[in-house]
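Taking it in order: structure first as structure tokens, then the write-up.
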Amino acid sequence: MEQHKTYTLETVLELAKQLSAVEKLKLVEHVLIDLEPIVEAQSPKSPKRVVQLGGLWKDVPFEISHEDIRQIRRELSEALKRRVERL
């Protein structure tokens with residue numbers, strides 16, 4: 001049976017300092033993805049405020065899902081990785 005070691009925050013931060021910029025971005029992305037369902041489950045369920053879009057936006061269907069947000073985060077993360085690799 002596997003034994004799991006416990007690490008302090010200080011130990012994890014010291015290890016993270018040794019990562020490359022790209023690896024740090026991957027770490028942050030993984031942590032955010034892991035935390036998202038936990039934070040959503042803990043947040044109070046309040047009625048959503050409906051915003052009426054007017055002007056140029058009134059005919060545009062504007063619905064963004066959690067999956068849309070995750071996809072954008074992935075795309076942003078990949079773009080940041082490519083930018084860091086060019087430096």
Search result, residues across segment 46-77 that are at pLDDT 75 or above and polar (S, T, N, Q): SER65, GLN71, SER77
Lone unmet requirement of (1) within 18 Å of the chain's Cα centre (by Cα); (2) exposed (fewer than 10 other Cβ atoms within 10 Å of the Cβ) for LEU87: (1)
Within segment 1-48, considering residues that are assigned to a helix (DSSP H, G or I) and of a type in the set (S, T, N, Q), the one surrounded by the fewest Cβ atoms within 10 Å (Cβ to Cβ): GLN42
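The values are calculated or read from the model by the stated rules, or taken from the named source; none is laboratory data. Computed from a predicted model, the values in this text were never measured in an experiment. Cβ sites come from the backbone with ideal geometry, for glycine too, and all protein chains shown count toward neighbours.
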